[in-house]
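The values are calculated or read from the model by the stated rules, or taken from the named source; none is laboratory data. Remember, predicted model here, so these are calculated numbers, not experimental data. Here the Cβ is made from the backbone with ideal geometry for all residues, glycine too, and neighbour counts use every protein chain on show. Protein only, heavy atoms only, side chains kept; ligands, DNA and RNA dropped before computing areas. Shrake-Rupley method; radii C 1.70, N 1.55, O 1.52, S 1.80 Å.
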Amino acid sequence: MTDNIVAAAAGQKPPSVLDASNRPAIGATFAATVGLVFGPSTFLLFVFGVFVEPLSKTFGWSKPSILFAATIVSLMIMVVSPLQGYLIDRFGARPIVLSSCLAFALGLGGMYSLSSNISSFYIMYGLLPLLAIGLWPVSYLRVVSTWFEKRLGLAIGIANGGIGLGAAMLPPILTYIILNGSVQWAYVSLGVIVLLVVLPINALLLYESPETRPARGVASASNEDFKSLIKTQTFIVLTLAFFFLGFVNTGLVTNQISLLIDGGATPQQAAFVQAVFGLAVLIGRFLTGVLLDYVSAKRLMSVVCIGGAAACLLYAMGPAGAIVYLCAILIGMVYGAEFDVLSYIIKRSFGLASFGRVYGTIFAVFQLGAALGATLLPLSRTQFQSYGPGLAVYAAVLVLSGILFFVLKDRAGSEKAVA
């Protein structure tokens, strides 16, 4: 850590996060990865589909009514993300993360009291994103981004890969707990993991690089920088692209198991496909991180969006046979790339001073899209007795997002703000 301070004072870049001698950076990256494996992005979004069938059977709720909770989560994230961004820019990520670990664990434990009254389910899914305010990805990605320059993409990919790892390994585990216990115990188990695994690891290892920790007395200047940044063409186009990505994001991940079962798969088979999807997210996060250090982020994201659109069209024609694994992989690559790309572009184009607020604002818009698009597939199934029309719309939206990434301009220092 002292070497980092000396290097910064001498005008040199700090060591790469992958440099074995830079132990604090390695520790922070490991803590961030673990935090994202067992964080709200995984629990409340990526494995939400695992709970749909068990909740319906346990309490007699309809699937569309259960899936409305995903919309609630998206709406809450819209509120939480800008606030989270402000807090970590102002006070640093560490204190916000540690306090949120305890609150989120207690909230998950409270899911044990679920009853047949679906209102309590909605209330809890509205409360959990707030209790986990410091555990959404931006906190961890800001910490990791403070430690290095040379391997920025790779380090982001390693940390962000935690969500893919969680999405890959948790569905079979949760399915086992539900089949041999109850859906309530599955939620409690997640809370125990946060309390006994995530909190201690973050407490021991999650630190920002000393030379980049927020300093007192700079909030006003930082606010002015943020206000100018959000008027730039780069910010506007990037935000619009992520709005369209959000429109597809939650709807696909929360309905994938249901559309597979609707196509004839058993719950166990559907959970396995979901695990393949999670593995694709994991590989996509890491592979994207590697590629970002060598290829254009915006071009890479354009290609990935087109692949996701093709998967939606294949699903629309009927999810059957080995093709479902190809679809899961292509969709997983979209999820694997999107926030690696966002973090990389923000660091390179806007810097660290307003990293939390820029990321939080775009993430909030992303969740606005998610809230609008989350119920499209259930409505398509209800109105047309098929997920096909909704999937076709998702494909078109992904193509549009890919076009926006393709035309995204690199932000030059002399770029003028858009009025």
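Stretch Tyr294-Leu400 to full length: gain in nm at 0.36 nm per residue minus the Cα-Cα span?
35.7 nm
Rounded to a whole number, what is D in µm²/s for segment 263-377 from Stokes-Einstein with the Kirkwood radius over alpha-carbon pairs (25 °C, 0.890 mPa s)?
After rounding, the answer is 158 µm²/s.
Between segment 34-96 and segment 145-193, what's the alpha-carbon centroid distance in Å?
With segment 34-96 and segment 145-193 each reduced to a Cα centre, they are spaced 13 Å.
Only loop residues by DSSP count here, and only those with at most 13 other Cβ atoms within 10 Å; note down the trypsin sites (Lys or Arg not before Pro) in segment 224-285 that meet that.
When the trypsin sites (Lys or Arg not before Pro) of segment 224-285 are filtered for loop state and at most 13 Cβ neighbours within 10 Å, Lys231 remain.
Residue by residue through segment 312-324, what is 3J(HN,Hα) from phi via Karplus (6.51 cos²θ - 1.76 cosθ + 1.60, θ = phi - 60°)? Round to whole Hz and write x for glycine and proline.
Karplus-based 3J(HN,Hα) across segment 312-324 equals 4, 5, 5, 4, 5, 7, x, x, 8, x, 5, 4, 5 Hz.
What is segment 159-210 by shape, rounded, prolate or oblate, if you read a ≥ b ≥ c off the alpha carbon gyration tensor as root eigenvalues and call it rounded for a/c under 1.5, prolate for a/b larger than b/c, and oblate otherwise?
It comes out oblate by the Cα gyration axes.
Under a 1.4 Å probe, what is the accessible area of the chain per residue, stated in Å²?
Per residue, the chain has an accessible area of 38 Å².
How long are the semi-axes of the equivalent ellipsoid of segment 58-117, taking √(5λ) for every eigenvalue λ of the Cα gyration tensor, in whole Å from largest down?
30, 16, 5
How much mean residue ellipticity at 222 nm does the chain get from its helices, if each DSSP H run of length 4 or more adds -39500 (n - 2.57) and you divide by all residues, to the nearest 500 deg cm²/dmol?
So the calculated ellipticity at 222 nm is -25000 deg cm²/dmol.
Keeping the other protein chains in place, figure out the carbon and sulfur percent of the accessible area of segment 85-220, with a 1.4 Å probe.
Answer for segment 85-220 is 68 percent, counting heavy atoms of protein chains only.
When the chain is fully extended, how far beyond the present Cα-Cα distance does Tyr325 get from Asp262, taking 0.36 nm per residue of separation?
Computed gain between Tyr325 and Asp262 is 21.1 nm.
List every residue whose amide H lies under 5 Å from the amide H of Thr232, counting only residues 5 or more places away in sequence or on a different chain, with H placed 1.01 Å from N in the peptide plane.
Here the answer is Val418, since their amide H atoms fall under 5 Å of that of Thr232.
In vacuo Debye scattering of segment 59-208, one point per C-alpha: log10 I(q)/I(0) at q = 0.12, 0.15, 0.17 Å⁻¹?
Once normalised to I(0) and log-transformed, intensities are -0.57, -0.88, -1.10.
From the phi angles alone, apply the Karplus equation (6.51, -1.76, 1.60; θ = phi - 60°) to segment 399-409 and give each ³J(HN,Hα) in whole Hz, x where the residue is Gly or Pro.
The phi angles translate into 4, 4, 5, x, 5, 4, 5, 4, 8, 4, 8 Hz.
Would you mind estimating how fast segment 259-317 diffuses translationally, via Stokes-Einstein at 25 °C and 0.890 mPa s with the Kirkwood radius over Cα pairs, in µm²/s?
Approximately 185 µm²/s, per Stokes-Einstein.
Starting from the Cα-Cα distance between Arg90 and Asn180, subtract it from 0.36 nm times their residue separation and give me the gain in nm to one decimal.
Here the segment from Arg90 to Asn180 would lengthen by 27.9 nm.
Binned at 20 Å from 0, what are the whole-percent values of the Cα-Cα distance distribution for the chain, short to long?
Each 20 Å bin holds this share of Cα pairs: 28, 59, 12, 0.
Straight-line reach from Lys409: which lysines have a Cα under 23 Å away, not including same-chain ones fewer than 8 places off?
Within the straight-line cut-off, Lys409 pairs with Lys150, Lys227, Lys231, Lys298, Lys347.
In debye, nearest 20: dipole of the chain around its Cα centre with unit charges on the Cβ of K, R (+) and D, E (-)?
440 debye
Under 1.5 on a/c is rounded, so check that first for segment 138-186, then, if it is not, pick prolate when a/b is larger than b/c and oblate when it is not; a ≥ b ≥ c are the square roots of the alpha carbon gyration tensor eigenvalues.
Prolate, because a/c is 1.5 or more and a/b exceeds b/c.
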